[in-house]
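For reference, the structure discussed in these notes is given below.
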Amino acid sequence: MPSTVTRRDFVKSAGALASAVTFGAGAVELLQACGNQPAPAASGTLTGNLEIFSWWTGAGEKDGLAMLYKRYSDQYPQVKIVNAAVAGGAGSQAKAVLTTRMQANQPPDSFQVHAGQELIATWVKAGKMEPITSTWNELGLDKSIPKDLKDIVSSGGDVWSIPVNVHRGNALWFNLHTLGNASPPTTFDELTSSLNSFKAKGIQHPLALGSQGNWQIAMLLENGVLANGGPDYYNKLFKGQGSFTDSKVKDTLTQMATLLGYVNPDHTTLDWDAAAGLVAKGQAVYTIMGDWAKGYFTNLTPAMAPNQDFGVVAHPGTKGNYVTVVDTFGLPKNAPHRANAVAWLKVVASERGQEDFNPKKGSIPARTDVPASVFDPIAQSYMREFKTNRLVPSSAHGSATPPNFASAVNDIMGQFAQSKDVSGTAQALQQKAQQFLTS
Ligand code: GAL
């Protein structure tokens, strides 16, 4: 499939509060240690606070965020950054906190939001955002951010947020020391046979899962649907043009039930990073997760090296496809420190900002002009594959489907992990698709 069609499809388809940590003049030295770029001369005359809302509290994600804060503080040393990050992977806690604040007209200055439906079908539709089209044009971002990405943060002729990265959701990570001489699996059958062989060697739960919030099981569903049906099937299904009671979805659920037989029994009490930790410690061999897991591995102490200590293959059966998860920052209406927020968006959009942020975060940059040489070899191949693979927007991470559907899928998947009821689950999914997905 030519990549132009690939990209058009992609665009069409996308339709407990952490302690507030402040970064500002006083914290700059602390953060300076992370920097590998010479700091630009401080240029800002801005003062006051800048409150940034996200869910980046895990290893890798918090380190990437700190790099953006550092770059901001270098430029605007008199602004005090208030880090309003809410723990819980994929925003499982943060989104509810944000909703309460937005509804009470108490927005942060800027917040993390996935490109696509999570942004457009909610805050933009509700008239709670300011367009950032003029900032986009002032920065000439058409030259450096692909049109596909611009399109999924646009509606009604305006641009509504700045993409900072592209994550990949369809990845199987493994500890290379634990894997030993075994080959990483490329099909579902190879995966189960590998899991069996590690069980026989005494690793009781070779597939690590942290399913707190259930979105991690929703990722297993979307990756499995992609593996069994391919990208066109996937796109139709998540646009409400297919049926979740179809045999390919049921096959996926049956495979998921099998995989759940190999996971750590405490998975409902762990988040994605704790599951990655089981792989890091060699207590499990594999985990299926987005490439923020790479950010986790490389930011551990001691750090794990890509392709030496840990490795990755596409989720079995999905090679050639790139499940995209795009983090962006937007400008809510009535941002308390609007000028500081616009300056933040400019840092997020900048080549230097994305060059600092993405190697720590595990993602590839949204901009195309960030040098590949600053990235690890896995990110370098992902940068190449992003250009040639079929791009498939994630439903679990807000791009393909609206939040009401994604959140219903999470609940259904949580129940499925207990019941393993394939038919009932397929019907429940289809009922939510009919309710929330319009074709
Ligand atoms: C995703 C987000 C990633 C990463 C992950 C785990 O939704 O796009 O940047 O943070 O959640 O928290």
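The values are calculated or read from the model by the stated rules, or taken from the named source; none is laboratory data. Note that the structure is predicted; figures quoted are calculated from it, not measured. Note that we place each Cβ from the backbone using ideal geometry, even for glycine, and neighbour counts take in every protein chain shown. Please note that ligands, DNA and RNA were not included when accessible areas were found on the heavy atoms of the full protein model with its side chains. Shrake-Rupley method; radii C 1.70, N 1.55, O 1.52, S 1.80 Å.
See the values below:
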{"read-out": "Failed criterion for Ala276 (all others in (1) under 23 Å from Ile203 (Cα atoms); (2) within 21 Å of the chain's Cα centre (by Cα); (3) open to solvent by less than 20 Å² (accessible area, probe 1.4 Å); (4) more than 14 Å from the ligand (Cβ to nearest atom) hold)", "value": "(4)"}
{"read-out": "Residues (under 19 Å from His177 (Cα atoms), of a type in the set (Gly, Ala, Ser) and either more than 14 Å from the ligand (Cβ to nearest atom) or part of a loop (DSSP other than H, G, I, E, B) (or both)) located in region 289-313", "value": "Ala303, Ala305, Gly311"}
{"read-out": "Where Ala66 falls short, out of the listed (1) modelled with pLDDT of 95 or more; (2) assigned to a helix (DSSP H, G or I); (3) out of contact with any Cys (no Cβ under 8 Å at 6 or more places or on another chain)", "value": "(3)"}
{"read-out": "Condition met for Leu220 (open to solvent by less than 10 Å² (accessible area, probe 1.4 Å), of a type outside the set (D, E, K, R) and within 19 Å of Asn170 (Cβ to Cβ))", "value": "no"}
{"read-out": "Residues located in region 85-105, provided they are open to solvent by less than 10 Å² (accessible area, probe 1.4 Å) and either in contact with a Cys (Cβ under 9 Å, 6 or more places away or on another chain) or away from the ligand (no atom under 15 Å from the Cβ) (or both)", "value": "Met102"}
{"read-out": "Residue tally, condition open to solvent by less than 20 Å² (accessible area, probe 1.4 Å) and of a type outside the set (Gly, Ala, Ser), over region 193-212", "value": "5"}
{"read-out": "Region 184-211, residues that are in contact with a Leu (Cβ under 6 Å, 6 or more places away or on another chain) and in a loop (DSSP other than H, G, I, E, B)", "value": "Pro185, Pro206, Gly210"}
{"read-out": "Failed criterion for Gly229 (all others in (1) farther than 20 Å from Ala406 by Cβ; (2) more than 16 Å from the ligand (Cβ to nearest atom) hold)", "value": "(1)"}
{"read-out": "Region 279-311, residues that are of a type in the set (A, V, I, L, M, F, W, C), buried (at least 19 other Cβ atoms within 10 Å of the Cβ) and over 18 Å from Thr57 (Cβ atoms)", "value": "Val279, Ala284, Val285, Ile288, Met304, Phe310"}
{"read-out": "Members of region 106-122 found to be more than 11 Å from Thr401 (Cα to Cα) and either more than 16 Å from the ligand (Cβ to nearest atom) or basic (Lys, Arg) (or both), listed by number", "value": "Gln106, Pro107, Pro108, Asp109"}
{"read-out": "Residue tally, condition within 11 Å of Ala366 (Cα to Cα), of a type outside the set (A, V, I, L, M, F, W, C) and outside any strand (DSSP E or B), over region 143-173", "value": "5"}
{"read-out": "Residue in region 133-152 that is among the hydrophobic types (A, V, I, L, M, F, W, C) and touching a Phe, Trp or Tyr at 6+ places or on another chain (Cβ under 7 Å) present", "value": "no"}
{"read-out": "Those residues of region 314-342 which are in a loop (DSSP other than H, G, I, E, B), open to solvent by less than 20 Å² (accessible area, probe 1.4 Å) and either over 30 Å from Asp189 (Cα atoms) or in the same structural domain as Asp74 (by TED's automatic domain parsing) (or both), in sequence order", "value": "Val326, Leu331, Ala335"}
{"read-out": "Among residues of region 355-364, those that are open to solvent by 10 Å² or more (accessible area, probe 1.4 Å) and either within 16 Å of the ligand (Cβ to nearest atom) or closer than 21 Å to Leu46 by Cβ (or both), counted", "value": "3"}
{"read-out": "Total residues in region 343-354, condition open to solvent by 20 Å² or more (accessible area, probe 1.4 Å) and either among the basic types (Lys, Arg) or touching a helix residue (DSSP H, G or I) at 6+ places or on another chain (Cβ under 6 Å) (or both)", "value": "2"}
